[in-house]
Structure formats: C-alpha cells, structure tokens
Amino acid sequence: MIGKKIVATSVPLFSIHSRFQKLQDYGTIQSGSYFIDWIKKAGLNGWQMLPLSETQLENGSATVHVPSPYKGYGVGIDPRYLSGKNSNIQVRSSKQGQNKNSQNFKARDLQGFIFENRDWIEDYGIFCALRDHFGTDDWREWDDGLSTRDKKVLENWRRKLTSKIDEHIFRQFLLHKDYEVLRKKARKLGITLIGDLPFYISLKSPLVWANQDAFVLGKNKKMDVVSGIPDSSTSLFGRQIWGHPVYDWENKKKVLKLWEIRVNYCSKLFDLLRIDYAKGLFIYGVINIKNEKKDKFIKAPGENVFREIIKICEKNDVKIFAEDLGSKTEQLNKFLKKTKIAGVKVLRFAYDRKRKKVIAKYANTKSYPKNSVAYTTVHDAETLIGYLKILKISEKQRFASAVGVDYSSDDYEMAISLRKKIIESNASTIIVPIQDWLLTSDRINVPGTEKEIGDRNWRYELKIPIEKLPTDLL
C-alpha cells in the first residue's frame, strides 16, 4: 500500500514508553529504538519527532524546564532522553575521555565529537555550567561581563567551572552516541526520521547568548518586541505572544550563520526536516510588549535568504519541506512552487468551523501535489476524533461531502475514512499523528493557552506501552 510513499506517524519522544523499561527510563532514546521496531511492524516507514533540544527554564526556577520544544536551546539533545543508568554522570575532564560511571570509550571519539560540533558545543557547555551556577538560564542576570561575553571574564569562568563544563559536553557525547545507534537502526529498517527546525529560538539559550548580533535586543538586552501573531481577522487563534527574540535582518550574515549552525546540526539527526513557520522568511509578526496597538507584520528578506538556507541544506544532504499554513503565505507559496520545495496539506483544516466554510486546498485530496506533505492533523490542532466530536451533524456532513467520504454518525468510522483518504492522496509524504492512528482526542498543545509556570501543554504521554500499540493500521 505504501509503495514509494513515506507514510509516517508523528509523536514526541517524551510521549512513548516500553514495558521493557524502568519508570525512570520512559521517554528516552532507548524508548525510541523500541518505537522504531513498532513502526516497522505496523507497516509504516517514517517517524516525525518534535524538536529534541533542551528547553528554557521556567521563570523563577533553577530546575524546571518549560515543556514546549519550540522554546528550546536549538542545539544539543535534552538530557532527559538519556537512559537512567547514564543520567547522573560524573566527569573528570572531557579531554581525558574517562568516566567512572559509564561505558568505556576512546578519548579520540570524544574529541572527534567536539570537533564535529565545534560551532556550538563549547558555548553550550559553558552556558549550561553558568546556568547551573547562577540558578537561571536568563544570561542577562549573570555576573558583569558574562552577558556581553567579555573574553577575560569568560576565560576566568571557564577555568572556575571546567569540570561542570566537561560534564555537560560529555553528557551530550553520550546522548549523541545513543542517538547514532537509533538512527543507524532506522536506516537499516528503511525508516525516515523527520525533524522540526523551529523558526525562532528561545532568548534563554546558548545560541542567542553566543549570537546576540543576530537578534533585535534593546538596552540591557531587554526585548521590547518579541515573536508572535498580531490579533487580526486572519488569525485563527487571535493575538499570540510567542516570546522569542526576533531576527535582526540588518545583520543578515549573522542571521544566516546562525541558521547554518542549526541546519548543520539537524542534518546529523534527521533525514527530512520541516521548516517551521516558513512564511516568517517573507513576513513575520512582531509583538510590542508595552503597547498592543504597535503590534505589526514586518517584511523579511524572503527569497534571497531562503535560497541561502536551501544551499546550506543541500550541502548537508538533508531534504526539507516548508510549513506554509495560515494567512499571508502568497510569497512563500510562489517561492515553493518555483523551487519545487514541498509545502503542507492538512485534512483537518478542510472544514473551517469558525468561518463555516470549506477550504478547498485542503479538502480536495486529489489535487494535492505529489511534491507535498499531507497530514490528517497537526500537533497544535484537534485530532480527527477530537474535531469530529465538536462538530454539529450538519457540519460533519459538509466536511464529509467536501473531502469525498461517506458521512457516518459513528465518529470513529468517519475518522477512519478521513485517515484513509489522506493516505490515498497524491502526496508523496503522509504524516498521521499517533492519536489519529489510535483514534483518540488527546491534545499535545492548545495554542494561546500556554502559561509561564506550570504549563500543561506538551506533556502528552501514551496510555499504553509501545508493545501494545496496534500494528494493523493500513
């Protein structure tokens, strides 16, 4: 049934667990290895993961991280994905290549890892060590000279925190060694690993700290404007404050260098990469912290910058597709057509309940370009079952008619028909979130409901272990 198509599922690594693992090992890279076995047994050949990097700390916390992977550090693998036996490592020195609590390894392997990741690993190591020392990853609150990265001050702190820096670097080494095994297994079984490249990066990250010139930062590095979507008639969820620093396109070379670092890194983890919020390369929302009336959309360099990013991707032999959903995508769509880069189609958006209208570009699956990535739904929208349950009978009938499936009073039967419709579409890549395979209404994220502290979004966990997941999906 699959043929040359990629038919994938989408589920975060933190959501899965195996019955063969101890409780503290749930949601680790080892879990991912078991999950790849299930993907193969289920007749699928792809897995879309959400970003794997560590996330910023919650406000006022020295230990609790924000759950959203889109407020992440941008590089490195989150240490929570390391299995329990390796999670509390003690390292003498990353240069010695010795560790008394973990498996033996060759010093040159570690040094090779550091060299291959030299454009981010040293900054990551010292950033995390300073974060732990000061109890915050808001680098603007660290001692004098650190926020501006004064060379002498940085060198003094490097000497003072050498063992802690080495520990963080060594932990990344172990994480990447484990992930390398997972990726080799996926390749052997013909499983495509699909990653996400968030458009923005958290302010409280080593990449922003080390590349401040690439962002619009005000006096004392305070952000007067942040990323988000101004409230408008075209915005489905109203005004959204995402809170990331926005790029300073007057320093285009600095911004592109940062994108190069991230693409270089992601290419080591994934075979196919989704460019999140790709329209932001053409036009993006700016939220004014003090005055909502000053919120606005701003034009970005667009085509010239996107072409440079494509070159970086080609250099790293990683294929990309662009998230082109929502409004103000005209320029992006023209560019995607010109460059033959795949865009996104989402069946769940075929019927817009808010505006009571059918959206033809999502409803007509026969017209989906072969060069596109088709979803039943996406991680920040209702699942198929969740959406059907909130629709009135007349709305479901209109939805079914628009898509070309038989209406059923049984939501589960209709969801299966919708899922089959997307799989049989002309798109060469199909992604069905795990909830739509299991026919549940569990949400991963509800946009506009995020909280600075104690956010319940991005905490979705499968209620059953991997080994009990159904395999008769297609």
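Quick check: Cα centre of the range 4-22 to Cα centre of the range 158-180, how many Å? So the separation of the two Cα centres works out to 27 Å. Sorted fewest first by neighbouring Cβ atoms within 10 angstrom, Y412, Y81 come out as Y412, Y81. Once both labels are positioned 7 Å from their Cα atoms along Cα-to-Cβ, the gap between K151 and R459 label points is 4.7 nm. With a Förster radius of 45 Å applied to the C-beta separation of Q111 and I298, the computed FRET efficiency comes to 0.55. Between the range 403-425 and the range 330-398, what's the alpha-carbon centroid distance in Å? A separation of 14 Å, based on Cα centres. Spacing of the modelled spin labels on D380 and K420, each 7 Å from Cα toward Cβ, amounts to 3.3 nm. Around the amide H of R274, modelled in the peptide plane, lie the amide H atoms of G195, D196, L197, F321, all under 5 Å away and 5 or more residues distant in sequence or on another chain. Once the Cα-Cα distance is subtracted from the 0.36 nm per residue extended length, the T339 to K188 segment shows a gain of 51.3 nm. Checked against a 26 Å cut-off, the cross-linked pairs K254/K315; K5/K361; K389/K421; K71/K185 give Cα-Cα distances beyond that limit for K71/K185. Counting only DSSP beta bridges whose two residues both lie in the chain, roughly 35 percent are antiparallel. Summarising the overall dimensions of the chain from its C-alpha atoms, the Rg and Dmax are 22.5, 70 angstrom. In percent, how large is the relative contact order of the chain, given Cα pairs closer than 8 Å and 6 or more residues apart? Relative contact order, the chain: 17 percent.
PRE reach from L474 (point 7 Å along Cα→Cβ): which of the range 405-437 fall under 12 Å by backbone N? Inside the label zone: 423-424, 430. Multiplying the residue separation of I393 and D119 by 0.36 nm and subtracting their alpha-carbon distance yields 93.1 nm. Pairs of Cα atoms nearer than 8 Å and 6+ residues apart set the relative contact order; for the range 328-433 it is 31 percent.
Coordinate-derived values only; no laboratory data. Every value quoted in this text rests on a predicted model; they were computed, and no experiment measured them. Heads up, the Cβs are rebuilt from the backbone with ideal geometry, glycines too, and the neighbour counts pull from every protein chain shown.
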